[in-house]
Amino acid sequence: MTQPMTGAQMVVQALKDQGVDVVFGYPGGAVLPIYDEIFQQNDIRHILVRHEQAAVHAAEGYARSTGKVGCALVTSGPGATNAVTGLTDALMDSIPIVVLSGQVPTFMIGNDAFQEADTVGITRPCTKHNWLVKDTAALPGILHEAFHVARSGRPGPVLVDIPKDVQFASAIYTPREAARTDRYNPRVKGDIEQIRRLARAMTEARRPIIYSGGGVINSGPRASQLLRELARETGFPLTSTLMGLGAYPASGDAWLGMLGMHGTYEANLAMHGCDLMINIGARFDDRITGRVQDFSPQSVKAHIDIDPSSINKVIHVEIPIIGDVANVLEDLLAVWRAEEGSRTQREAVKGWWAQIEEWREVRCLDYDTSPRVIKPQHAVARLEALTKGHDRYICTEVGQHQMWAAQYLGFEDPNRWMTSGGLGTMGYGQPAAMGVQVAHPDALVINVAGEASWLMNMQEMGTMVQYRLPVKQFILNNERLGMVRQWQELLHGERYSQSWSEALPDFVKLAEAFGAKGIKCSDPADLDDAIREMIDHDGPVIFDCLVEKHENCFPMIPSGEPHNKMLLANAETQGQITAPGAVLV
Amino acid sequence: MAELNIEKGSSRKSAYDLRDPNAHAVERHTLAVVVDNEAGVLARVIGLFSGRGYNIESLTVAEIDHNGHTSRMTIVTTGTPAIIDQIKAQLGRIVPVHEVHDLTVEGASVERELALFKVSGKGNDRVEALRLADIFRASVVDSTLHNFTFEITGSPEKIDAFAELMRPLGLSEMARTGVAALSRG
């Protein structure tokens, strides 16, 4: 490639070289040269979304379900500002995506030109790194480095802002191999002395627990495999964060269910009472820890994380191990098997399991069913039963339905569960599901949604119909902002300020207006047939599932409380959150 | 805020202050950060401090290798040991940041700051200002019939002390560079 290329040609060439097969985007004045190049080739598929936020979420869905880097293309100004929510979401959940934005020509930057925004300034705090390209000769190197930064170390979103004159100008292309990747190379190998300490602690632990997170999934399939080996060979109980679901199978012997604010009773009490906590790729998020002063008071804590800033950020740990999960688990298992003879305190751990089984007897996820109205938990449980055998991917929006999906759906493999964990972005699920379906055209992709979240990006139904993406929108419709309503019940004296969904559309007609199929179900007796009808339909479906309006999501750790102060189903909700707890979100 | 038991003004500094304000004493650390000298790198570092609620007491930056395009920042910051560790780890995450050194813990170091003082005095005050400047090894870089401009180099404490002495003698303007620091040996 010694022939000069235009900047726009370089963009397409670099994407090809980086293995990109699909780009989610929306054209506009400042990216026209790139769109012109996209028009003249067939290697990269472009999915035209209806709003730039959706392009970024779709790229996230694509990335999370494939393990590859997702890619979005937006124009300058409003195109870039609309991408900000998606970038922040990807930053919080460590999702590798590359967003390319157009920019006004370099000679107009700073002039308040039409559709100009300080995109690198706006996106600096919500990207892992970003670049404003001022010279076409530098463009290919920056694009390759962008992919390198997005996928290396703790993955995350990056943005490359490309002024229009840089897209038109010509220079010599830099192939991927010649591009600079040396300045960002996080350490992946854990410190062997710390790994030895953890292996030794594993032989001494009487009440151990493995607490795994999204880092296991980000580390790749090998990490999930090693996590399963670790749990099987040690016999230690295992719980996972919302982000980590699927790394260990829900049907596995060690599985305690999800932990945290809406985690299971047994998982949270085991976290509280353990004497060795092995945190693998999780970050002690505030949804997990509850009150930090009382978090797991008697345990020795080990923390495996690729990001040094995650260590000791929230919880002080005795055994910090900085490295990639798969790398560290490989070494940990090798050391524990060879140097410690795979020893554990078998008898004591057996006793610990007996205690856990006692907690399990509480059956914290039980709920009352009703013959008259569909309970949301029941709807999710039936969805689980009827889709279990399928090649299934689940996305969610944010709120009560998200927690019910996490509680009542079982995930057997990583990369099958896409939800906005850190940022909690309502409107995430629908476009993310779109991205997942693009990556897995034959799979059953379901977006478990609430009606309020779903409406936030409903315009993407048009995209799904256009590209024949048969995503199933499973909407638990309680005509409420359920989680907001629940918190208002808990700590604002049941004053339900602005938390109901008035003037909702008729979802069946809405589906039909988009050219999709609509199903409505309000009778528990019809639920199974309706779900089957949804699964069997070869095309996008909006399933309007009318559910109990005032159901609360339990179990729940009230904010500001430790793990052992959980509220179970039908608990008295008044006065459970104290004044210091009320200030927390 | 009284019923929440949050000390007034404590959230001004950092969210960490809300957690356990008395766990550790606040320490002052001098960090040396070597970065690529590229557009936006200073904004990234400053954005980290403001976005996460850390303090900057002083910050200096200049290119130190014109061919390699690297700059060195010297940042003086305060926080509990846990926050100082966080600041270092967070700085290390920034892509154009190559090295982060905590000069306060990595052995002995020298810290110097340069300052310019404009002192307008008459009669005895003018003589006294010159005499004190001599003691502090400050040099006169500009003089008129009404004022002197002194240049002084030294530790921040020395400059503070000089400023205190100059104030009653007619100190009218002052400019300080912030700290530059290197490890000893």
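Is any residue of region A:474-489 close enough, with backbone N under 18 Å, to a label point placed 7 angstrom from the Cα of A:Leu386 along the Cα-Cβ axis, and if so, which?
A:474-478
Calculate how steeply helix B:81-93 sits against the longest principal axis of the alpha-carbon atoms of chain B, using the helix alpha-carbon long axis, and give the answer as 0 to 90 degrees to the nearest 10.
80
Given A:Phe295, A:Ile311, A:Ala405, which one lies farthest toward the positive end of the charge dipole of region A:281-428, if we put +1 on the Cβ of every Lys and Arg and -1 on the Cβ of every Asp and Glu?
Checked the options; the winner is A:Ala405.
Could you work out how far the C-alpha centroid of region A:524-562 sits from that of region A:42-57, in angstrom?
Comparing the Cα centres of region A:524-562 and region A:42-57, I get a distance of 28 Å.
Counting Lys and Arg as +1 and Asp and Glu as -1, what is the net charge of the other residues whose Cβ lies under 14 Å from the Cβ of A:Glu229?
Summing Lys/Arg as +1 and Asp/Glu as -1 gives 0.
Counting Lys and Arg as +1 and Asp and Glu as -1, each charge on the Cβ, what is the dipole of region A:4-178 about the Cα centre in debye, to the nearest 20?
Details: 12 positive and 17 negative charges, 83 e Å.
In debye, rounded to 20, region A:4-178 gives about 400.
Calculate the FRET efficiency for B:Ser155 and A:Asp135 from the Cβ-Cβ distance with a Förster distance of 25 Å, rounded to the nearest 0.05.
It comes out at approximately 0.05.
Could you tell me which of A:Ile47, A:Ile97, A:Tyr35 has its Cα farthest along the dipole of region A:4-178 towards the positive end, charges placed at Cβ (Lys, Arg +1; Asp, Glu -1), taken about the Cα centre?
Working it through, the farthest residue towards the positive pole turns out to be A:Ile97.
For the pair A:Asp118/A:Tyr496, report the inter-label distance in nm, with labels modelled 7 Å from Cα in the Cβ direction.
4.4
Taking the simple approach of a point 7 Å from Cα along Cα-to-Cβ for both A:Ser251 and A:Ala348, what is their distance in nm?
3.4
Compute the Cα gyration tensor for region A:192-360, then decide on rounded, prolate or oblate, letting a ≥ b ≥ c be the square roots of its eigenvalues: rounded whenever a/c is under 1.5, prolate when a/b is larger than b/c in the other cases, and oblate in all that remain.
Since a/c stays below 1.5, the shape of region A:192-360 is classed as rounded.
Suppose R0 equals 56 Å. What FRET efficiency, 1/(1 + (r/R0)^6) with r the Cβ-Cβ distance, do A:Asp506 and B:Arg131 give to the nearest 0.05?
Taking R0 as 56 Å, the efficiency between A:Asp506 and B:Arg131 is 0.05.
Can you pull the percent of Cα pairs in the protein assembly as shown with separation above 46 Å? Could the numbers behind the result be given before it?
Working: 86375 of 296065 pairs.
Across the protein assembly as shown, Cα pairs with separations above 46 Å total 29 percent.
Straight-line reach only, C-alpha to C-alpha below 17 angstrom: list the aspartates and glutamates that B:Lys118 could link to, leaving out same-chain residues fewer than 8 apart.
Within the straight-line limit of under 17 Å, B:Lys118 reaches these aspartates and glutamates: B:Glu128, B:Asp134, B:Asp142, B:Glu151, B:Asp160, B:Glu164, B:Glu173.
Can you tell me the relative contact order of chain A? Whole percent, Cα pairs under 8 Å, sequence separation 6 or more.
Details: 1345 pairs, mean separation 80.7, N = 585.
Relative contact order of chain A: 14 percent.
Going by the alpha-carbon gyration tensor, a ≥ b ≥ c the square roots of its eigenvalues, is region B:33-185 rounded (a/c under 1.5) or, if a/c is not under 1.5, prolate (a/b greater than b/c) versus oblate?
In terms of gyration-tensor shape, prolate.
Roughly what % antiparallel, to the nearest 5, for the DSSP beta bridges in chain A?
Bridges in chain A that DSSP calls antiparallel: roughly 5 percent.
Note the angle between two axes, namely the Cα long axis of helix B:156-166 and the longest principal axis of the Cα atoms of chain B, as a number of degrees from 0 to 90, rounded to the nearest 10.
Computed tilt is about 40 degrees.
What is the extension gain from B:Ala39 to B:Lys122, computed as 0.36 nm multiplied by their sequence separation minus the C-alpha to C-alpha distance, in nm to one decimal?
Between B:Ala39 and B:Lys122, full extension yields 25.2 nm more.
A:Ala338 to A:Asp368: extension gain in nm, 0.36 nm per residue of separation minus the Cα-Cα distance?
Between A:Ala338 and A:Asp368, full extension yields 5.8 nm more.
Could you give the length gained by full extension between A:Leu568 and A:Glu533, i.e. 0.36 nm per residue of separation minus their alpha carbon distance, to one decimal place?
That pair, A:Leu568 and A:Glu533, stretches by 9.2 nm at full extension.
Could you work out the helix-only [θ] at 222 nm for chain A, with each DSSP H run of four or more residues adding -39,500 (n - 2.57) and the total divided by the number of residues, to the nearest 500 deg cm²/dmol?
Rounded to the nearest 500, the figure is -11000 deg cm²/dmol.
Within region A:326-348, list the residues whose amide N lies under 19 Å from a label point set 7 Å along Cα→Cβ of A:Asp191.
A:326-333, A:335-336
Determine which lysines satisfy two conditions relative to A:Lys301: a Cα distance under 27 Å, and not lying fewer than 8 residues away in the same chain.
A:Lys189, A:Lys313, A:Lys350, A:Lys565, B:Lys88
So which trypsin sites (Lys or Arg not before Pro) in region A:409-507 are both in a DSSP loop and have at most 16 other Cβ atoms within 10 Å of their Cβ?
For trypsin sites (Lys or Arg not before Pro) across region A:409-507 that sit outside H, G, I, E and B with at most 16 neighbouring Cβ atoms in 10 Å, the list reads A:Arg468, A:Arg495.
Considering the Cα positions of region B:109-183, please state its Rg to one decimal place and its Dmax as a whole number of Å.
My reading of the Cα-based Rg and Dmax gives 12.3, 44 Å.
None of the figures in this text is laboratory data; all of them are computed from the coordinates on show. Fair warning: this is a prediction, and the values are worked out from it, not measured in the lab. Every residue, glycine among them, receives a Cβ derived from its backbone with ideal geometry; neighbour counts consider all protein chains shown.
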